[in-house]
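Right, one structure below, let's go through it.
The values are calculated or read from the model by the stated rules, or taken from the named source; none is laboratory data. Owing to the predicted nature of the structure, the values given are computational and were not obtained by experimental measurement. Don't worry about glycine lacking a Cβ; one is built from the backbone with ideal geometry, like all the others, and counts go over all protein chains shown. For the accessible areas, the whole protein counts, side chains as well, though only heavy atoms, and no ligand, DNA or RNA atoms are used. Shrake-Rupley method; radii C 1.70, N 1.55, O 1.52, S 1.80 Å.
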Amino acid sequence: MELIVETIRYKIDSGVAQIALVQPQTGNALNSSLINQLSQALQAAIADSSCRAIVLRAEGTDFCKGLDLEWILQQGGRPQIELFQAFINCLQLICYSHLPVIACVEGNVTGGGLGLVAACDLVIANENAIFMLPEVIIGMIPALIAPFLLRRLTIAQLKYLTLSSRGIDSLEAKAFGLVDEVATEGMATTLNRQLQRLFRSSPEAIAASKQYFEQLYGSDLQRQTNIALNQLVSWLAQPEVLEGIQSFTEGFSPPWFQKYRGKTHV
């Protein structure tokens, strides 16, 4: 079975649901259409009794550029509560799925894309992938994805990635815990080896393990995502914030953008 829609390609073959983001021209940016169609593909895989694993990948040089800020601004600049909640629901679908979800990262991951990756159970990345949180440069805060990143990162690591706005490669991301395996032998070989291990495992034991691990988190994820939604909506409700973001998306320097002219002493 293969289904191709505007933003997603969904195919299930030999017990594996392959879900690909197929809008490379936008960097697979997260707009309403992509989030909804991704959620539908995930739900279809979860409901398919023949499915043993879900693989999430993307076409183009960007795995995912994060939230589509231009799309948000085109909606009149109002905080898109429905979009934000839909994104949270999509990430929770991945976390709560009884099936193992594998992210195969073969491009750059930016902003909200890191949340998509962090929600997955297993993350395989090629050697050239770069992971970056540029929100503070743009005038945003990584509110929605922080609860999911904190399932893999320490608060100190999350703070560093946010405040430094520095891109890290796959090897450093693996040291952080954001990546589980670097595909030094190629993505196909590395993924096949992982799928072989999963297919030798009990589906019931995998599902029970995932459910048990979620119980260890308790209600933290739901509580944290509620805080995240309120935080982002409050942030974007400030007119000066939206003005700065719009300046950035239009190619102009936002008011906070300055060049450091001091001298570094060592």
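A few comments on the model shown:
- The chain: angle of helix 32-47 to the longest principal axis, Cα-based, in degrees nearest 10: 20
- Mean separation of Cα pairs under 8 Å and 6 or more residues apart, divided by the residue count, gives segment 77-130 a relative contact order of 38 percent.
- The lysines within cross-link reach of LYS159, meaning a Cα-to-Cα straight distance under 28 Å and a gap of 8 or more places when in the same chain, are LYS65, LYS174, LYS210, LYS259, LYS263.
- Bins of 5 Å from zero: percent of alpha-carbon pairs in segment 45-127: 3, 14, 21, 22, 17, 13, 7, 3, 0
- For VAL16, distant residues with modelled amide H under 5 Å away: ARG52
- For segment 11-76, the Kirkwood hydrodynamic radius comes to 12.8 Å, computed from all pairs of different C-alpha atoms.
- Taking a Cβ cut-off of under 10 Å around ILE19, the surrounding Lys, Arg, Asp and Glu residues balance to a net charge of +3, with basic ones at +1 and acidic ones at -1.
- Area of THR61 that stays accessible when all protein chains are in place (1.4 Å probe, Å², to 10): 110
- Share, in percent, of DSSP beta bridges within the chain that are antiparallel, nearest 5: 35
- Pairwise FRET efficiency - PHE257 versus GLN40, Cβ, R0 = 35 Å, nearest 0.05: 0.35
- Taking each DSSP H run with n ≥ 4 as -39500 (n - 2.57) and averaging over every residue of the chain yields -14500 deg cm²/dmol at 222 nm.
- The listed residues TRP256, TRP71 rank as TRP256, TRP71 when sorted by accessible area, largest first, using a 1.4 Å probe.
- Virtual spin-label span in nm between ALA188 and ALA205, 7 Å along Cα→Cβ: 3.1
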